[in-house]
Amino acid sequence: MNTSPQSHRGTIFLEDGVVIGQEQWPDEQYVIRITAPKCAKRALPGSFVHIRCGNELPMRRPLSIQRSNPEAGWIEILYKTVGKGLSLLAAAKAGDHVSCLGPIGHGFTVHANKPRRLLIGGGVGIPPMIFLAEHLTQEPKDIPLPLVLMGSEIPFPFTPRPSTLLVPGIPREAIASMPLLEDWGIPSRLASRAGRAGCFDGYVTELAAHWLATLGAKELSEVEIFACGPTPMLEACARVAQRLGVAAQVSLEEYMACAVGGCAGCTVPVTTEAGIAMKRVCVDGPVFEANSVFPPLA
């Protein structure tokens, strides 16, 4: 695959987006919806947008796309304010203009021979899982809907509610779910070590391992994990997948400058057939095969 900066010409667009609305959630979390028709039309699960948060800040911020509506021409982003840039974005009101560069990145690849999809999101890694889950509702009706597991030590950026969708293999006390996913008919469960009602008491990766351990060999052969979140969480996902022989993809989070492959400031070591190579998270990723980023331990 050619991933030089030139190879992305015609696929990444600079748009003068307009804020439709913004919701604030506990712990300085926000969900913003922006009109950006070109980005919305081409965005895929796992891609992100590079946003200018304020006129006085030339450096953009890379933010994962949580939802995209090609017909209405909007994208939706969940973020937590960290630093001046995102604090400026949090002050944006409906009608304000926001410069958007996107969609960027190589997203998740859904394989037909792995119909049991396990989506794992941690903290600000939750948005790509929602995008992927919505995308998977368009799959043929004979393919099972995914199971979405989300973990957070701060309040979730939505109001959890008890699930009405049964998930065999999930501890009975873990009943809290995301309402939006429930409305789509997609089962979800929440994990937290903060003692939240209805949540699995532990890390989301522990909840995933618990569910996977209840599956038989044939079922496990049909599973693929899709994960996004902090690096320790992604490594834990990779180790669980390796132990059980399950396929897994991970979406990495790295600081970025240009976000279009020119500066190479977001490179990470990745195992390839030719050996270790430095890959750019922005355009070579952010999604990689888990084993290539976290090689199996000797």
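The numbers here are math on the coordinates, done by the rules we state, and not lab data. It should be emphasised that the depicted structure is a prediction, and the values quoted were computed from it without experimental measurement. Quick reminder, even Gly has a Cβ in these numbers, built from the backbone with ideal geometry, and neighbours come from all protein chains shown.
Answer rounded, prolate or oblate for the stretch 116-293, using the Cα gyration tensor with square roots of eigenvalues a ≥ b ≥ c: rounded when a/c is under 1.5, else prolate when a/b is larger than b/c, else oblate. Judged from the Cα gyration tensor, the stretch 116-293 comes out prolate (a/c at least 1.5, a/b above b/c).
Short-range pairs are left out: with C-alpha atoms under 8 Å and at least six residues apart, the relative contact order of the chain is 17 percent. Apply the Debye scattering formula to the chain, with a single equal point scatterer on each alpha-carbon and no solvent, then give log10 I(q)/I(0) at q = 0.07 Å⁻¹. Once normalised to I(0) and log-transformed, intensities are -0.25.
Sites listed here are chymotrypsin sites (Phe, Trp or Tyr not before Pro) in the stretch 213-298 whose DSSP assignment is loop and whose Cβ has at most 11 other Cβ atoms within 10 Å: Y255. The region of the chain that goes longest without hitting one of the GluC sites (Glu not before Pro) in a DSSP loop, each with at most 16 other Cβ atoms within 10 Å, is 72-152. Each part reduced to its alpha carbon centroid, the stretch 154-206 and the stretch 251-272 end up 32 Å apart. For the chain, the number of Lys pairs separated by eight or more positions or lying on different chains, with C-alpha atoms closer than 20 Å, is 4. Compared with the alpha-carbon gap, the fully stretched path from K114 to E219 is longer by 36.8 nm at 0.36 nm per residue.
Across all C-alpha atoms in the stretch 202-298, the radius of gyration and Dmax reach 14.6, 46 Å.
Compute the Cα gyration tensor for the stretch 5-104, then decide on rounded, prolate or oblate, letting a ≥ b ≥ c be the square roots of its eigenvalues: rounded whenever a/c is under 1.5, prolate when a/b is larger than b/c in the other cases, and oblate in all that remain. Judged from the Cα gyration tensor, the stretch 5-104 comes out prolate (a/c at least 1.5, a/b above b/c). Taking the charge dipole of the chain about its Cα centre, with +1 at Lys and Arg Cβ atoms and -1 at Asp and Glu Cβ atoms, the residue from P286, Q66, A191 reaching farthest to the positive side is P286. Here is how the number arises for the chain: DSSP H runs of 4 or more residues each give -39500 (n - 2.57), the sum is divided by the residue count, and the result at 222 nm is -5500 deg cm²/dmol.
Work out the charge dipole of the chain with +1 on the Cβ of Lys and Arg and -1 on the Cβ of Asp and Glu about the Cα centre, then indicate which of T11, T272, V250 is farthest towards its positive end. Final value for the positive-end residue is T11. Given R0 = 22 Å, the distance between the Cβ atoms of S87 and I154 translates into a calculated FRET efficiency of 0.85. Counted residue by residue at 0.36 nm each, then reduced by the alpha carbon distance between them, the extension gain from Q24 to N291 reaches 92.5 nm.
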